[in-house]
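Okay, so here's the structure we're looking at.
Computed from the coordinates by the stated procedures, all read-outs in this text should not be read as laboratory data. Note that this is a predicted model, so its numbers are computed, not measured. Because the Cβ atoms are built from the backbone with ideal geometry, glycine has one as well, and the counts that use them run over all protein chains shown.
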Amino acid sequence: MTPALPDDRGAGQVGGGPDMAMVSGAELLVRSLQVEGVDAMFAITDISFTPLSIEAEAAGMLVVAGRHESAQVHMADAWARATGVPAVVVGGMGPGVANLLPGVVNAWIEGIPVVVIGTQRSARVDQAIRRNRFQYTPQLELFRPVTKFAAAVPETRRVPEYLREAFRHALGGRPGPVYLELAPEVLRDEVDEDANPVHVPALYRAVVGAPDPHAIEQAAALLSGAARPLVLAGNGIHSSDASGELARFAEVTGAAVCTTPGARGAISERHPYAVGMANALLSPVMQEADVVVAVGTGIGEVVGYGQFPAWAGPAAQRLIHIDRDPLVIGVNRPVDVALVADARQSLSALTKAVGASDVRNDGSWARQRASGAQSVMAMMADSGLELDGLPIHPARLAAEFARFLPEEAIVCLDGGNSALWAHLALVVTRPRSLLWTGHFGHLGTGLPYAIGAKLACPDRPVFLFSGDGAFGFNLQELETASRVGSALVAVVNCDYAWAMEEQGMLDEVGRTIGVHTSVVRYDLVAQGLGCYGELVEAPAEIVPALERASASGRPAVVQVVVDHAANVSPPGLAEFLDMYNGATT
């Protein structure tokens, strides 16, 4: 059933005069999106929402028609990650809406606000599934488990009301996707404009703000007495635009900072207190910390749940947990102080409180551990540059790729082992600059992420580092990139196999099934779809190919053939497989 929302048109606003201004549901929908700052719509053309496409274009919104609905959700996902502002995705009734679902699941797990609109068969048609209606399925039931809010708009006059409710959920607490369903007549019918106002966000949507002062005092007391404080920063730093406050907090409190895998760039990884991404290599630092400040993260599986052996136990390590969503606090590890509040305001308040204390950490432990961690990462990247053999070692490719990147670049990652190789070589220095499905591991996101990021940030260079298996998921979107002028550069780490799965199978049963693919020339496919394409088979060819791809001014694919035997065993894979198979907590 559709949620019974209150009718908030307001007394005395019902129209009816012969001179009243009329407005369609599609126009009300576009106006409601625009007051929230949404100026991009991803939608494969469908006659069920033609009025919406027309109104969006007329209002100056960017309207992008991709080649697959799920890929378009990934593009909108990337738009939100890169800008902090949601985008809207539209799917046509039945198959179009069904195709949205994988992308929505990924956005839900990743905590990314995407506004998803689906059309449905007319409310004037009997919806009984047993009657075999064309392109009908119970769409709401599909989306309710994987969105923060899912509802059908019952009539045109209530479009603004339901959009307001959707944004309350999408941006309140932990962000996430929402789904609204409209029959075509809801978009086409007209209502009195004056009686159905569109409100600006400040009039209807509260934002989680300042932390509890008593909790700040408790947290500041713990930090003031800490010898080895450590921050675990998650995606909440990005969604709260709190990178500046995070750096200032570290400098005042003397805290080292590590990030969850998906939150790299929350602090510059060249900052003197930045120890890098939380992983097995960083366990000694994570275990040494006596006070941990987890901010904007659920402290999930990819960081060892905050528990031993990745971390010290609660008796030796105190935990301050900051998050906008109270439901994630204390789930995976008991907390000493909980702050249900905005990350930026919490860090600012804590910085002020600790800065006023007579006892402050001098940061020597943080600087020492950061220097050591940064030196190790640089040494690993540099060692990759020394690998000159044929076929190309994937560590060489990742190192050349990382060294080539402009400082202002946005980098998208895709694939299993390919992402691991890239993480070992990359240094991320800016927020919202690394886009990766680090919590869900959804293959095929990389190319749509890169397209969406380039559309959202046309003045920034955008690069993709992907495995060949993952790249094939949404290969058709190269045509979209060419058509809309999304001049990204995709580097394909190519060994013609599902490398991560191969190693896992070998470990488990000693043989492989279905892990090898045929030789595919993605560079030639790219050329056929209007893009630049080049094949690389020698280490010395990598950088010149990247230079030519970047200079082409077109979407570009650089396919690099790497050593399969080396690609199946990147550093960190064994620990990942142990975690995945439940061998570690």
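Per-structure values
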| quantity | calculated |
| --- | --- |
| Distance between modelled label sites at residue 565 and residue 283, nm, 7 Å Cα→Cβ extension | 2.9 |
| Point-charge dipole on Cβ atoms (K/R +1, D/E -1) for the chain, about Cα centre, debye to 20 | 540 |
| Mean separation of Cα contacts under 8 Å (6+ apart) over length of the chain, as relative contact order % | 13 |
| Positive-end residue of 116, 191, 427, charge dipole of the chain with Cβ unit charges | 191 |
| Whole-Hz couplings from phi, Karplus 6.51/-1.76/1.60, listed for the range 403-411; x for Gly and Pro | 5, 6, 4, x, 4, 8, 5, 9, 10 |
| Residue 392 long-range amide H proximity, modeled H, under 5 Å | 563 |
| Point-charge dipole on Cβ atoms (K/R +1, D/E -1) for the range 213-370, about Cα centre, debye to 20 | 240 |
| Pair residue 430, residue 336: separation of 7 Å Cα→Cβ label points (nm) | 3.7 |
| Residue 352-residue 367 pseudo-label distance in nm [points 7 Å out on the Cα-to-Cβ vector] | 2.8 |
| For 457, 531, order by how many other beta-carbon atoms lie within 10 Å, fewest first | 457, 531 |
| Percent of beta bridges antiparallel (DSSP, the range 386-580, rounded to nearest 5) | 5 |
| Hydrodynamic radius (Kirkwood) for the chain, which is based on Cα pairs only, to one decimal in Å | 25.2 |
| Note, ³J(HN,Hα) from phi for the range 262-272, Karplus 6.51, -1.76, 1.60, rounded to Hz, x at Gly and Pro | x, 10, 4, x, 4, 9, 4, 6, 9, 5, x |
| Among 102, 395, 535 - extreme Cα towards positive end, dipole of the chain, charges at beta-carbon | 102 |
| 3J(HN,Hα) from dihedral phi, the range 536-550, Karplus parametrisation 6.51/-1.76/1.60, rounded to Hz, x for glycine, proline | 10, 10, 9, x, 5, 8, 4, 5, x, 5, 5, 5, 5, 5, 5 |
| Order of 480, 512 - criterion: other Cβ atoms within 10 Å of each residue's Cβ, fewest first | 512, 480 |
| Electrostatic dipole magnitude of the range 476-533 [Cβ: Lys, Arg +1; Asp, Glu -1; Cα centre; debye, to 20] | 280 |
| Amide hydrogen neighbours beyond the local backbone of residue 190, cut-off 5 Å, H modeled | none |
| DSSP-defined beta bridges in the chain - what % are antiparallel, rounded to 5 | 5 |
